[in-house]
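As structure tokens, the structure follows; a few thoughts come after it.
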Amino acid sequence: MKVFKLGSLIALLAFVLSSCDIIDEPVCLDCQAEASEMKILLEDFTGHLCGNCPRAHEQLEVLKASYGENLIIVGIHAGGFAKVFPAAGYIPDYTTSMGDELEEYYGADIEGLPVGMVNRRTWQDGKVLQKFAGWGTQISTILAETPPLSIGLTAVITDQILRVDAQVGYFEAGTADHHLVIVVTEDSIFSKQSDYDVPDGYIPNYHHQHMLRGSITPGNWGEQLKPGAIQAGEIFNKEYQLTWNSDWDSNNCHIVAYVIDNITKEVLQAEEIIING
Amino acid sequence: MVRTKCDIGSIRFILYALMLLFSQKLTAQTKVDPGDISGNFQMDAQYYREDTLIGAPDFPENVGSNSFLNLLYTRNKFQAGIRYEAYLPVQQGFLRTTGSGLPYRYAKWTDTKFELTAGTFYEQFGSGMVLRSYEEWGLGFDNSIDGFRGKVRPYEGVELTGLVGRQRNAFSNRVENLSAGLIRGFDANWNINETFDSLNIKTRIRIGGSFVSRYQKDEDPIQNYPENVAAMAARVNLNRKGFNLFVEVAKKINDPSTVNNIIYKDGSGVLVQGSYARKGLGISVQAKRIDNMDFRSDRTATFNNLNLNFLPPQTKQHTYRLATLFPYATQPLGEWAGQVEVAYKIKKGTRLGGKYGTSLTFNWSRIHGLDKVPNLNMPSEGYDADFFGISEKPFFQDINLEIYHKFSKHFKATLSFLYFNYDEVLFKQLTGFQTTEDVTAHVQILDMSYKVKKKQTLRMELQHAYTQQEFGSWAMALIEYSIAPRYFIAIFDEYNYGNEDEDLRLHYFSGTAGVNYKTYRFQLGYGRQRAGVLCVGGVCRIVPASNGVILSVVGSF
């Protein structure tokens, strides 16, 4: 009996000691993301009334520093937290019809902000909407995969007309449900942002980044690439034109293109360029 | 499709189980104990109407319903139970997935010295600061554990509990939807008086300790997340005559998560609860310090999902409707909380006590944030906070007095005065409401009950909430008539007369009527509820307004 009790004590001690991992180096400074042809779209639902959202923005910048061009960020200002509230100084309306539809489709307001989508993939918990501590793992999971296609982009503004040329080349066969979506995002917009981690509860001149401004392709789910099945090796060249919105500073804008499977809505590949670059 | 298959399999399992039980009933004549079946069920359904005035959205299915059925089989030392749940579709405002299935099933064997549970179970260690698994149907909350639990009572007064499992996430307990983190837990509870019964120690002493660890794989190549995160707690409970003292301290090692903004600082919690009671007087004093103690079975989880621990609130939990407009929730990332409650009964036959006596209950709770200073030397630690340091302004304060007096055999009344104040930033965090100043509110409530005849009671509530912030002031009146124990009917109206926007000075009418029959209750109502924002653990979500007919059926057998 004594041997049994001693054994139990040792087992308990072993359990306790093996159940704690103390981390000395929170971020692996020497680690860099492995080279990958995959580019990932991370859509962050946000709003200037969302006081917890700046924490997600900070995490996005950490991820961007690690994954560089492999990570493409789109900040979607939509839902109840993106409403204007002039009495409290939240004046600009950053919502877009595309963002509103995405918010309604995925139910970000109900799930709770901040929340994002990594390639709009459904993850282990059965959800597309994911909280930011999981984004790094999800990005690295997708980066390890081989992309089925590539996207080439050019974007030029001439006489207030934006012309975007996209070339989509398939390494693998695709379906008739593949759609190309192209949107405009803008960096360096400054206005008031709610922030529960600062004493006043807001930052008067917050630096908004990656803000979704609008869609270049028709509708919110893009344009079908081909009515029938796509063969490996097929290349699609698409051209779009848009009258430039003078409220957007083209020097701070990016063109983001991605191909989705319009049944699952999952993003298969993405690309991002600056205008006139 | 997989889900459908699983459900059919589960239903088949139930049918087989029932057939087995039934066959045992048939052979009961041979004096084999067939065991007992018991259970309970509830169905809550709401018919939704679009109401553009209050922003109640269109509900395409028109009706949402949440239902469950518990079935329990007991035979001697063996017990097995299942719960079928159906959300078809899930009602508005609930973080549940539309669907149906058997998220709860267990088998348990209980002997004098041990108890084994396989399947789904609920558990709490101490006050819950390192582990509490429970369910609240009305809130749509359920963080049950699916796994294996053993309890051993090796000596009189000593109970050891060990468990391993994964937690339920939202609707399902299917393996693919259980928590990403694996939970291992151990708790020891020692009732010293039971062990040393012969010594007849006058002070009742119970001590305990808990250890909980979560394993979650780290697959992030850049951020180093601890795969094993441990939390531990020690507690003591002393009780002598009318005095009671409970103290628990807890610690959690580095646990970077979405909720704590990926900081690596250790967490800690201290809870002290003292009380004294004698005839006509009860005093309780509580204090709590919480620092970075949000603990979940998945580091990415937020809101009310996958909470491993429970940080007991130290504010009065109000039930009157207008008082619930001013809630407080424990801030797991840091708070200092204190609460005092004194309940005193003025004796019968005195001038203030009258013929039947008068009860007074005074309650005061005050919560401050910690005095956090950013840790610039180690940003990954987030901040430093002195143990006794508190924020300059309180997060929240609630001072309330409740006076209860029975005037006659037929008439009694409760009068309450409440005062709330919130720090502006905290109020935004709790409610999502963009106030531009601190929030204060005064609430008065008069609850009167008149016994019309034997078993027939007429009750009336008059409530008023005065505030210049949020949606402004409210008034409410309720009238309820009940014929015990079978029938009741109630109607009430909330009027947001103080809303700054004159177009939103709306009436929110509601009514409900119910019948109790044997062990069943049927309730039909109509309700109009304004939209709100609910914020928990660093995440806020919109709770949509609703307008429609509500049906509730509850029963047990």
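The values are calculated or read from the model by the stated rules, or taken from the named source; none is laboratory data. From a predicted model like this one, the values you see are computed outputs, not experimental measurements. As a convention, Cβ positions derive from the backbone with ideal geometry for all residues, glycine included, and neighbour counts pool all protein chains shown.
When residues in segment B:87-131 are screened for being more than 18 Å from residue B:178 (Cα to Cα) and not hydroxyl-bearing (Ser, Thr, Tyr), 21 of them pass.
Cβ-Cβ below 9 Å, separation at least six or inter-chain, first residue in segment B:52-78 and at positive phi, second part of a strand (DSSP E or B): which pairs? Final answer for the pair search is B:62/B:47; B:62/B:48; B:62/B:548.
Within the bounds of segment A:125-133, is there any residue that is more than 11 Å from every other protein chain (Cβ to nearest Cβ) and within 26 Å of residue B:223 (Cβ to Cβ)? Yes, there is a match, as at least one residue in segment A:125-133 is more than 11 Å from every other protein chain (Cβ to nearest Cβ) and within 26 Å of residue B:223 (Cβ to Cβ).
Residues to consider are A:141, A:137; find the one that is out of contact with any helix residue (DSSP H, G or I) (no Cβ under 7 Å at 6 or more places or on another chain), more than 30 Å from residue A:233 (Cβ to Cβ), within 11 Å of another protein chain (Cβ to nearest Cβ) and in a helix (DSSP H, G or I). After ruling out the rest, the residue left standing is A:137. Kindly evaluate residue B:449 against the criterion of being over 25 Å from residue B:396 (Cβ atoms), of a type in the set (S, T, N, Q) and in contact (Cβ under 8 Å) with a residue 24 or more places away in the chain. So residue B:449 passes the test. Taken together, B:214, B:235, B:289, B:296 contain a single residue that is basic (Lys, Arg) and under 24 Å from residue B:374 (Cβ atoms), which is B:289.
Highlighted here are the strands (runs of 3 or more DSSP E) found entirely within segment B:398-495 that include at least 2 residues which are under 25 Å from the mean Cα position of the chain (by Cα): B:411-422, B:439-453, B:456-466. Contact map, segment B:349-363: first residue closer than 10 Å to residue B:405 by Cβ, second residue part of a strand (DSSP E or B) and among the hydroxyl-bearing types (Ser, Thr, Tyr), Cβ cut-off under 8 Å, separation 6 or more or different chains; pairs are B:352/B:358; B:358/B:404; B:359/B:344; B:359/B:404; B:360/B:344; B:360/B:404. Number of residues in segment B:250-267 that are free of Cβ contacts under 8 Å to residues at least 60 places away in the same chain, buried (at least 19 other Cβ atoms within 10 Å of the Cβ) and outside any loop (DSSP other than H, G, I, E, B) equals 1. Looking only at residues of segment B:195-223 that are under 17 Å from residue B:241 (Cα atoms) and touching a strand residue (DSSP E or B) at 6+ places or on another chain (Cβ under 9 Å), we find that the one that is farthest from the other protein chains (Cβ to nearest Cβ) is B:202. Which residue is farthest from residue A:219 (Cα to Cα), if the candidates are limited to segment A:172-193 and must be exposed (fewer than 15 other Cβ atoms within 10 Å of the Cβ) and modelled with pLDDT of 95 or more? By that ranking, first place goes to A:190. Has segment B:228-243 got any residue that is hydrophobic (A, V, I, L, M, F, W, C), facing another protein chain (nearest Cβ under 7 Å) and farther than 24 Å from residue B:123 by Cβ? Within segment B:228-243, not a single residue is hydrophobic (A, V, I, L, M, F, W, C), facing another protein chain (nearest Cβ under 7 Å) and farther than 24 Å from residue B:123 by Cβ. Of all residues in segment B:390-418, those satisfying the criterion of being of a type in the set (Phe, Trp, Tyr) and either within 10 Å of another protein chain (Cβ to nearest Cβ) or surrounded by 16 or more Cβ atoms within 10 Å (Cβ to Cβ) (or both) are B:395, B:396, B:404.
Collect the residues in segment A:186-236 that are closer than 30 Å to residue A:54 by Cβ, touching a residue at least 24 places away in the same chain (Cβ under 8 Å) and among the polar types (S, T, N, Q), keeping them in residue-number order. Within segment A:186-236, A:188, A:191, A:193, A:194, A:209, A:215, A:220 meet the criteria. Might you let me know whether segment B:279-302 holds any residue that is surrounded by 21 or more Cβ atoms within 10 Å (Cβ to Cβ) and under 30 Å from residue B:471 (Cα atoms)? Yes, some residue in segment B:279-302 is surrounded by 21 or more Cβ atoms within 10 Å (Cβ to Cβ) and under 30 Å from residue B:471 (Cα atoms).
So which of B:245, B:271, B:311 is part of a strand (DSSP E or B) and buried (at least 21 other Cβ atoms within 10 Å of the Cβ)?
Details: B:245 fails: buried (at least 21 other Cβ atoms within 10 Å of the Cβ); B:311 fails: part of a strand (DSSP E or B).
Answer to the selection: B:271.
Residue A:249: under 30 Å from residue A:114 (Cβ atoms), within 14 Å of another protein chain (Cβ to nearest Cβ) and in contact (Cβ under 8 Å) with a residue 40 or more places away in the chain, yes or no? Let's see the steps before the verdict.
Values: under 30 Å from residue A:114 (Cβ atoms): yes; within 14 Å of another protein chain (Cβ to nearest Cβ): no; in contact (Cβ under 8 Å) with a residue 40 or more places away in the chain: yes.
So residue A:249 does not fit the description; no.
Determine whether residue B:321 is more than 30 Å from residue B:238 (Cα to Cα) and buried (at least 17 other Cβ atoms within 10 Å of the Cβ). Taking the combined requirement at face value, the residue satisfies it. Looking across segment A:183-222, the residues that are within 14 Å of another protein chain (Cβ to nearest Cβ) and not in a strand (DSSP E or B) come down to A:195, A:196, A:197, A:198, A:199, A:200, A:201. For segment A:240-247, does any single residue satisfy the condition of being farther than 29 Å from residue A:81 by Cα, in contact with an Asp or Glu (Cβ under 9 Å, 6 or more places away or on another chain) and surrounded by 15 or more Cβ atoms within 10 Å (Cβ to Cβ)? Yes, the conditions are met somewhere in segment A:240-247. Mind checking whether some residue in segment B:346-363 is modelled with pLDDT of 95 or more, closer than 24 Å to residue B:427 by Cα, aliphatic (A, V, I, L, M) and over 19 Å from the mean Cα position of the chain (by Cα)? Among the residues of segment B:346-363, not one is modelled with pLDDT of 95 or more, closer than 24 Å to residue B:427 by Cα, aliphatic (A, V, I, L, M) and over 19 Å from the mean Cα position of the chain (by Cα), which makes the answer no.
Does residue B:424 satisfy the criteria of being closer than 27 Å to residue A:50 by Cβ and exposed (fewer than 15 other Cβ atoms within 10 Å of the Cβ)? Full working, then the answer.
Values: closer than 27 Å to residue A:50 by Cβ: yes; exposed (fewer than 15 other Cβ atoms within 10 Å of the Cβ): no.
No.
Taking each residue of segment B:80-97 that is within 13 Å of chain A (Cβ to nearest Cβ) and closer than 19 Å to residue B:58 by Cβ and looking for partners that are basic (Lys, Arg) and assigned to a loop (DSSP other than H, G, I, E, B) with beta-carbon atoms closer than 6 Å, six or more apart or interchain, yields B:90/B:96.
Within the bounds of segment B:181-203, is there any residue that is surrounded by 20 or more Cβ atoms within 10 Å (Cβ to Cβ) and closer than 22 Å to residue A:141 by Cβ? It would help to see each step written out before you state the result.
Within segment B:181-203, the first condition is being surrounded by 20 or more Cβ atoms within 10 Å (Cβ to Cβ), and the residues that meet it are B:181, B:183-187, B:189.
Of the ones still in play, those that are also closer than 22 Å to residue A:141 by Cβ are B:181.
Looking for residues that are surrounded by 20 or more Cβ atoms within 10 Å (Cβ to Cβ) and closer than 22 Å to residue A:141 by Cβ, one finds at least one in segment B:181-203, hence yes.
Listed here are the strands (runs of 3 or more DSSP E) enclosed by segment A:26-121 that have at least 2 residues being of a type in the set (Gly, Ala, Ser) and either modelled with pLDDT of 95 or more or in contact with a helix residue (DSSP H, G or I) (Cβ under 6 Å, 6 or more places away or on another chain) (or both), and there are none.
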